[in-house]
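Down below is the structure, laid out as structure tokens.
FYI, it's all coordinate maths here, none of it is from the lab. Being a predicted model, the structure only gives us computed values, none of them experimental. Cβ atoms come from the backbone with ideal geometry, glycine included; neighbour counts cover every protein chain shown.
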Amino acid sequence: MPDMVDFLPRQPLPGPAAPQQSLVDVLDKLLDTGVVLDGQIVISLAGVDLIHIGLRALVASVDTAQRLVTAAPRSRA
Amino acid sequence: MPDALYAYAVAPAGSLPDRLQVTGILPGAEVLALEEAGLTALASPVPREAFEAGPGCRTEDADWLAARAAAHHGVVAALPGTVLPLAFGAVFSGEAPLRDWLRQRAPRLSSALAAVSGCTEWSVTLEEDAAQHGAWLRHADPALAQLAGKAEQASPGTAFLLARRLDKALAASRQARLQDTAQALGRLLQAEARHLAPSRPRNAAVAGWSALLAEAAQHRLRTALELEAIMLSGTGLSLTLSGPWPPYAFAREAASDA
């Protein structure tokens, strides 16, 4: 049935052998979420700096994230 | 050599054990609980060079990065009770900056934690199979069905013009139904969610939401969405519900200027 209703709630937590779809979901959820640290930039506070990168800055684009997902399952080192 | 702290999440003080038996962001990295200003931050000692621009930087290695994202989520999702996830990639240059950061934002973080207490986040997406949606509308929409019928019986020249009209009418009908369905879903979610945020649609998704739901609301919403999904079945539109997630989207909004 081509129009199968995709409605089963998926457990999003990936174990070490998580199916690829879960990792896509995780990456999707992690993009632009979570408490931001001061505008996602490297900040120096009286000599002690606070580094924050953020997934968006790390992967540059969703396309990269998608590409990265296809390569993901084989290495978790 | 660990010379920085990778922070995962913030929880109320005393709600977590000092050392958690979970796999950290890097292999072998222990997950520590640091208490400050009525809050607990979960963090792992890491070498900062791996996360920072420079010769030891690993962040352009897609495999490495995907594994880190999975590990980050693995820790956040394994935490018992109420937590507020930090954005992926939060690295502090030491314990003092992390404690400073917490102390300065304690009131906002504490109220955000109170708001997520007893809730989990759920993702709802509305997806379209454009071809199937179009085919369904040609039959279900009386005006389109009539146009399609006329086009079939018309002479070649007229049929061409009618086909053009049909395409235009079909596109408008698709958009209208997508909009109506998305609005109805938005109202349904709004009625149940403690907090609702639109999410960035991916692939075939035409609309998406992150909903923060208390337990009773989860059950009600699931029933309502199941009914909605049955109604949409076979019409070219479908629903996906995924969860429970840590409150990722909520954390971003609630504490964005924390």
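Quick notes on this structure:
- Peptide B:244-255 has a mean of 4 when you count, residue by residue, the C-beta atoms of other protein chains within 10 Å of its C-beta.
- Local electrostatic count at B:E228 - Lys and Arg +1, Asp and Glu -1, tallied over other residues with Cβ under 12 Å: +1
- Protection proxy ranking of B:21-27, B:206-212, A:28-34 - average other beta-carbon atoms within 10 Å, highest first: A:28-34, B:206-212, B:21-27
- Applying 1/(1 + (r/R0)^6) with r as the Cβ-Cβ distance of B:R103 and B:S155 and R0 = 51 angstrom yields a FRET efficiency of 0.05.
- Using R0 = 30 Å, the C-beta based FRET efficiency linking B:M231 and B:R164 works out to 0.40.
- DSSP H segments from chain B that extend 30 Å or more along their own axis, Cα-based, with Kyte-Doolittle mean of 0.0 or above: none
- Nitroxide proxy distance, nm - points 7 Å out along Cα→Cβ at B:E30 and B:A214: 3.9
- When you restrict to C-alpha pairs under 8 Å that are six or more residues apart and normalise by the size of chain B, the relative contact order lands at 22 percent.
- Kirkwood Rh and Cα Rg combined as Rg over Rh, evaluated for chain B: 1.15
- Cut-off 15 Å between beta-carbons: net charge of the residues surrounding B:R194, Lys and Arg +1, Asp and Glu -1: -3
- Calculated FRET value between B:D18 and B:S117, using beta carbons and R₀ = 30 Å, to 0.05: 0.85
- Set the Cα radius of gyration of the stretch B:162-254 against 2.2 N^0.38 Å, with N its number of residues, and you get 1.26.
- Kirkwood hydrodynamic radius of the stretch B:103-168, Cα pairs, Å: 16.4
- Built amide H within the under 5 Å cut-off of B:A4, gap 5+: B:V46, B:R48
- Using only alpha carbons, the stretch B:4-117 has a radius of gyration to Kirkwood radius ratio (Rg to Rh) of 0.96.
- Label-point separation, B:E60 to B:Q190 (7 Å along Cα→Cβ), nm: 4.6
- Peptide B:89-101 shows a mean partner chain C-beta count of 6 within 10 Å per residue C-beta.
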